[in-house]
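In what follows, a structure is listed as structure tokens, so that the remarks can point back to it.
The values are calculated or read from the model by the stated rules, or taken from the named source; none is laboratory data. Here the structure is a predicted model, which is why all the values come from computation and not from measurement. Here Cβ is always computed from backbone atoms with ideal geometry, including for glycine, and neighbour counts include all displayed protein chains.
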Amino acid sequence: MPDSFSNPSSSFPVGRLMSMDAYRGFVMTLMVAELLQFHRLHEAFPDNPIWAFLAYQQSHVEWAGCSLHDLIQPSFSFLVGVALPYSLASREGLGKSFGAQFGRALRRSLVLILLGIFLRSIHSDQTNFTFEDTLTQIGLGYPFLFLLGNASSRTTWVAFTAILVGYWLAFILYPAPGPAFDYAAVGVPADWPEHYTGLMAHFNKNSNLAWAFDTWFLNLFPRETPFLFNGGGYATLSFIPTLGTMLLGLQAGRWLRSSLTTSNMLKRLLIAGVIGLAAGVLLHVLGICPVVKRIWTPAWVLFSGGWCFWLLAFFYGIIDVAGHRQWAFPLVVVGMNSIAIYCLVHLIDRFIIDSLYTHFGHGPFQFLGASYEPLLVGIVTMSIFYLILWWMYRRKLFIRI
């Protein structure tokens, strides 16, 4: 068994934490679990509360609010920040200069952006220049994260506050849609129940600052047709508040590398989670800023950041503090090759499913009934992905950017 599975000490080690990889593996497993298609079972059994609950947690909320699925991207972004202090310490230990490290950060940023565009263009007739997916959002903000990773904690908190307040203010200063605004032209029903009034109207779907920016920015690139709106309301400018999420992770990573005892570390993570959740909900309830993941509102940064702190505390407390590690091994296998599984799912999921049908037909997947076929196919496909990652883990093949 690798050294990372040894018993934890009473204080935080400088090396890699198993809980970080397990948390990352949990996040990536949630992403891959889309293959289980719980919504199909909910459609087949609409009165079954279990399938209704699972279908809801496996889909994004329409606008404001949060499901488990909505926590995938913020968790992944948060963990990029958590890992940075460890990476900086490792590079400094190897004698890498600041210039060399910053150059590497810029290269990593570019690779993430290009990889995100490539994966989003797989089923397109031409390059799909889009910048709202997880990889491009992280890539756009990563150079700034690196620079702040070399700054003091005080500077980081000042930058975090400036990002959230500045982003909120920019949305507020952009004119809210008036009564004559043609929502149908931007893919939103005029009577959509998620429309806000008052101050929060500045954050309405496809009628806000981020949408306006994309109607200019995305049309600078070659496109089959002019960009008018994103059907989900997602936006390029979300990389700015996403940087705020990564900064929360950066602070958590600094705490993890500090000399805090395990009990004090857990308390700090739990308290940070409470503050984030309470602040996000309060901003929403007071009508100041809605909790919307799709445009990554400041309230969403705080709310989702609170959940990220709690999830990190959960994995850290059970794995690295209590020492219950064996159960998390499958998650670690996935988490240590997060880029690999991200690419595999986007590149060959359809190939695997088609191959299963080609060689086995539909029969083996219908022995519980036709309604359960998507679920069983998804389970087998996920198992194949895991076997690939397990093979890579055994041979120490880890894809890094």
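Note on region 25-69: residues that are hydrophobic (A, V, I, L, M, F, W, C) and either at pLDDT below 95 or in contact with a His (Cβ under 6 Å, 6 or more places away or on another chain) (or both) total 3.
Where residues in region 130-147 are of a type in the set (Phe, Trp, Tyr) and crowded, with 19+ Cβ neighbours inside 10 Å, which of them is nearest to Trp296 (Cα to Cα)?
Residues of region 130-147 of a type in the set (Phe, Trp, Tyr): 131, 142, 144, 146.
Narrowing further to those that are crowded, with 19+ Cβ neighbours inside 10 Å: 131, 142, 146.
Values: Phe131: 14, Tyr142: 17, Phe146: 21 Å.
Selected residue: Phe131.
Suppose we keep only residues that are of a type in the set (S, T, N, Q) and more than 21 Å from Thr130 (Cα to Cα) within region 239-258. Which one would you say is modelled with the highest pLDDT? Steps first, please.
Filtering region 239-258 for residues of a type in the set (S, T, N, Q) gives 242, 245, 251, 258.
From what is left, the residues that are more than 21 Å from Thr130 (Cα to Cα) are 251, 258.
Numbers: Gln251: 97, Ser258: 92.
Step by step, filter region 239-258, then rank; the result is Gln251.
Is it fair to say Arg108 is of a type outside the set (Gly, Ala, Ser), in contact (Cβ under 8 Å) with a residue 40 or more places away in the chain and assigned to a helix (DSSP H, G or I)?
Values: of a type outside the set (Gly, Ala, Ser): yes; in contact (Cβ under 8 Å) with a residue 40 or more places away in the chain: yes; assigned to a helix (DSSP H, G or I): yes.
Criteria met by Arg108.
Restricted to helices (runs of 4 or more DSSP H) entirely inside region 221-325, those with at least 1 residues that are within 16 Å of Leu164 (Cα to Cα) and over 22 Å from the mean Cα position of the chain (by Cα) are 262-285.
Here Leu347 passes the criteria (1) in a helix (DSSP H, G or I); (2) farther than 30 Å from Ile138 by Cα except the one numbered (2).
Does region 65-86 include one or more residues that are among the aliphatic types (A, V, I, L, M) and more than 22 Å from Phe26 (Cβ to Cβ)? Scanning region 65-86 turns up no residue that is among the aliphatic types (A, V, I, L, M) and more than 22 Å from Phe26 (Cβ to Cβ).
Criterion first (polar (S, T, N, Q) and touching a residue at least 24 places away in the same chain (Cβ under 8 Å)) does Asn204 satisfy it? Quick ask: steps written out before the conclusion?
Values: polar (S, T, N, Q): yes; touching a residue at least 24 places away in the same chain (Cβ under 8 Å): yes.
Spelling it out, Asn204 is indeed polar (S, T, N, Q) and touching a residue at least 24 places away in the same chain (Cβ under 8 Å).
The residues of region 361-398 that are touching an Asp or Glu at 6+ places or on another chain (Cβ under 6 Å) and closer than 14 Å to Gln37 by Cβ amount to a single one, Phe365.
Rundown of residues vs (1) without any contact (Cβ under 8 Å) to a residue 60 or more places away in the chain; (2) assigned to a helix (DSSP H, G or I), yes/no style:
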{"site": "Tyr357", "(1), (2)": "yes, yes"}
{"site": "Phe365", "(1), (2)": "yes, yes"}
{"site": "Ser371", "(1), (2)": "no, yes"}
{"site": "Ile379", "(1), (2)": "no, yes"}
{"site": "Phe385", "(1), (2)": "no, yes"}
{"site": "Tyr393", "(1), (2)": "no, yes"}
{"site": "Ile399", "(1), (2)": "no, no"}
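Filtered by the rule that a residue be over 16 Å from Ile240 (Cα atoms), part of a helix (DSSP H, G or I) and not β-branched (Val, Ile, Thr), region 180-220 gives Tyr183, Ala184, Ala185, Gly198, Leu199, Met200, Ala201, His202, Trp216, Leu218, Asn219, Leu220. Residues in region 29-67 that are charged (D, E, K, R) and either part of a helix (DSSP H, G or I) or within 24 Å of Cys289 (Cα to Cα) (or both): Glu34, Arg40, Glu43, Glu62. Asn128 passes every criterion in (1) touching a helix residue (DSSP H, G or I) at 6+ places or on another chain (Cβ under 8 Å); (2) within 24 Å of Pro222 (Cβ to Cβ); (3) of a type outside the set (Val, Ile, Thr); (4) touching a residue at least 60 places away in the same chain (Cβ under 8 Å) apart from (4). Considering only residues in region 249-263 that are under 19 Å from Leu147 (Cβ atoms) and out of contact with any Phe, Trp or Tyr (no Cβ under 6 Å at 6 or more places or on another chain), the one that is surrounded by the fewest Cβ atoms within 10 Å (Cβ to Cβ) turns out to be Arg254.
Kindly indicate the residue of region 124-179 that is of a type in the set (Ser, Thr, Tyr) and assigned to a helix (DSSP H, G or I) and also nearest to the chain's Cα centre (by Cα) among those meeting that condition. Break it down stepwise before answering.
So in region 124-179, the residues of a type in the set (Ser, Thr, Tyr) come out as 124, 127, 130, 134, 136, 142, 152-153, 155-156, 161, 167, 174.
From the residues that got through so far, the ones that are assigned to a helix (DSSP H, G or I) too are 134, 136, 142, 153, 155-156, 161, 167.
On the way: Thr134: 6, Thr136: 11, Tyr142: 14, Ser153: 24, Thr155: 25, Thr156: 21, Thr161: 21, Tyr167: 19 Å.
For region 124-179, the residue satisfying everything is Thr134.
Restricted to region 205-243, and to residues there that are surrounded by fewer than 18 Cβ atoms within 10 Å (Cβ to Cβ) and of a type in the set (Val, Ile, Thr), the residue that is farthest from Val292 (Cα to Cα) is Thr225. Checking each residue in region 180-204 for being of a type in the set (A, V, I, L, M, F, W, C) and surrounded by 10 or more Cβ atoms within 10 Å (Cβ to Cβ) picks out Phe181, Ala185, Val186, Val188, Trp192, Leu199, Met200, Ala201, Phe203. In region 111-154, the qualifying residues are those that are among the aliphatic types (A, V, I, L, M) and touching a Gly at 6+ places or on another chain (Cβ under 7 Å), and the one that is nearest to Gln251 (Cα to Cα) is Leu145.
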